[in-house]
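The values are calculated or read from the model by the stated rules, or taken from the named source; none is laboratory data. Worth saying up front: this structure is predicted, and the values here are computed from it rather than measured. Don't worry about glycine lacking a Cβ; one is built from the backbone with ideal geometry, like all the others, and counts go over all protein chains shown. For the accessible areas, the whole protein counts, side chains as well, though only heavy atoms, and no ligand, DNA or RNA atoms are used. Shrake-Rupley method; radii C 1.70, N 1.55, O 1.52, S 1.80 Å.
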Amino acid sequence: YAPNGTTVVDTETATVSGNATYDTPNGYLPTAGGTYQWVASYGGDSNNNPVASSEGSEPETVLIPPSISAPTTASVNENSTLVFSTANGNAITVTDPEAGSGTEQLTSTATNGGLTLTSKGTTLGAGGSSSSSSGSGGSSSSSSTTTITIEGTLAGLNAALNGLKFTPSAGYSGPASLTISYEDLGDGLSASATVAITVVAPVSQPTVTIKTLFATAVPGQPVPLVIEVSDTNAAAQAAAFTFAISFGDGHSATFSSQNPVIVNHVYTTTGPFTVSVTATDEYGHSSAAATTAVNVVSVAVETDPFSSSKTALFVGTSGIETIDFTASGASGIAVTLGSVNEGVFTTSGPLLVFGQGGKDTVVEAAGLNNPLYVLESPTADNVEADMDEESILWAGLTGAVEILNA
């Protein structure tokens, strides 16, 4: 720019294009590129005597630097995508009066997220090229960084910016940023702009329930536990939940699944157990714990897994025991487990012995016509699948998204 009190002359047109005065603190700044010469003149000396003099400079070339128009702040929901575009009213654009048709360079850098230039490689103009480096935009790390550098004409770069997508790191909420840096490769002038992005965890609240058709079970028997979640946020409801379940016997499991889900657990000893489960949605919000009770006994009459209209007599063993079934009365069945008389039971269906993979000795005395199944594993004779199906129908579901053994 020219100093105060300077007359600026455009040497290409020989016209005065501006006149700076002491009322203009920063002097005259050309508003367009070109070649300029400044001439200083003053009308008197320190004694107010008229003096006709002037001093000129060598012609100088003035370049107008580039600029970037971008929003200063933006926000996006966790696990969503933020698009910068003309259609969304938040487009990022570069202005460079000196660009012409030359090749320019644009670098986009994001923290805590990934970037996508949807038109990269197609609208960069002749000779356009691109490269990307550093970081994994899909990671949940709070320090992840993604950088994309492209080259092309100014028009091509602006076309690539229209539709620029920022995707927060998976599961991340908090501050993030997008920085756009531009360099005119012809004259070396540059510009940059930064968008402060807030990744917001949407409001949501999951509620979990757990229940089982088999509130009474025997050792070695797979107990199907039906878990369902409802969430106040529709997007979270449709996504996977992280479940943390404690079976009450010292065993626990953590897994991710959409809901509903069936979890099968095998208790190896008798006793009362309380099962507890929590569900955490994709936004990190957790439910209160839901519980259900399971009472594990040595012998129980339960729903027949092969025919839901009948009952079955279940016996659980340690795997190395002798089990005797004998007739008692008109329709009773006396059960002896080892040397312990477990009582007399009545059933319309089969006798099922869960042996936990051992070598039990099972004796069905004369006079009993009930089918006998000795199951050395929970999946033997497809018992587990049948029990799962029965639990689904009992819970009023059309099916379970996932069935796990834990």
*Efficiency by 1/(1 + (r/R0)^6): what FRET value for SER309 and ASN341, r their Cβ-Cβ distance, R0 = 30 Å, to the nearest 0.05?*
0.50
_Rel. contact order, % - alpha carbon contacts under 8 angstrom, at least six apart, the range 163-308_ = 24
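For the range 324-406, take the alpha-carbon Rg, divide it by the Kirkwood Rh, and send me Rg/Rh.
On the way: Rg = 15.8 Å, Rh = 14.9 Å.
Value, to two decimals: 1.06.
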*Could you look at the range 229-285 and say what percent of its accessible area is carbon and sulfur, using a 1.4 Å probe and all protein chains?*
53
_Per residue accessible area in Å² of the range 347-406, where ligands, DNA and RNA are left out and the probe is 1.4 Å_ = 52
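What order do you get for 346-357, 159-170, 197-208 when each peptide is scored by the mean count of other beta carbon atoms within 10 Å, highest first?
Details: 346-357: 19.8, 159-170: 22.1, 197-208: 17.4.
Highest-to-lowest ranking by the protection proxy: 159-170, 346-357, 197-208.
Heavy atoms only, probe 1.4 Å: what % of the accessible area of the range 307-364 goes to carbon and sulfur, would you let me know? Provide the component values of the computation, followed by the final result.
Details: 1270 of 2580 Å².
Exposed carbon and sulfur together represent 49 percent of the surface.
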*Please state the relative contact order of the range 303-406 as a whole percent: Cα pairs under 8 Å, 6+ residues apart?*
26
*Of PRO272, PRO202, GLY163, farthest towards positive along the dipole that unit charges on Lys, Arg, Asp, Glu beta carbons give the range 140-272*: PRO272
*Which order do peptides 101-111, 247-257 fall in by mean Cβ count within 10 Å, highest first?*
101-111, 247-257
*Go through SER328, THR361, LEU351 and say which Cα lies farthest out towards the positive end of the charge dipole of the range 327-394; charges sit on Cβ, +1 for Lys and Arg, -1 for Asp and Glu.*
SER328
_Please report the carbon-and-sulfur percent of the accessible area for the range 154-211; probe 1.4 Å, protein heavy atoms only, DNA, RNA and ligands left out._
56
*Quick one: if you stick a label point 7 Å off each Cα along the C-beta vector at ASN88 and THR207, how many nm between them?*
3.4
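First obtain the Kirkwood hydrodynamic radius of the range 215-276 from its Cα pairs, then insert it into the Stokes-Einstein equation at 20 °C and 1.002 mPa s, and state the resulting D in µm² per second as a whole number. Let's see the in-between values first.
Values: Rh = 13.0 Å.
Rounded to a whole number, D works out at 165 µm²/s.
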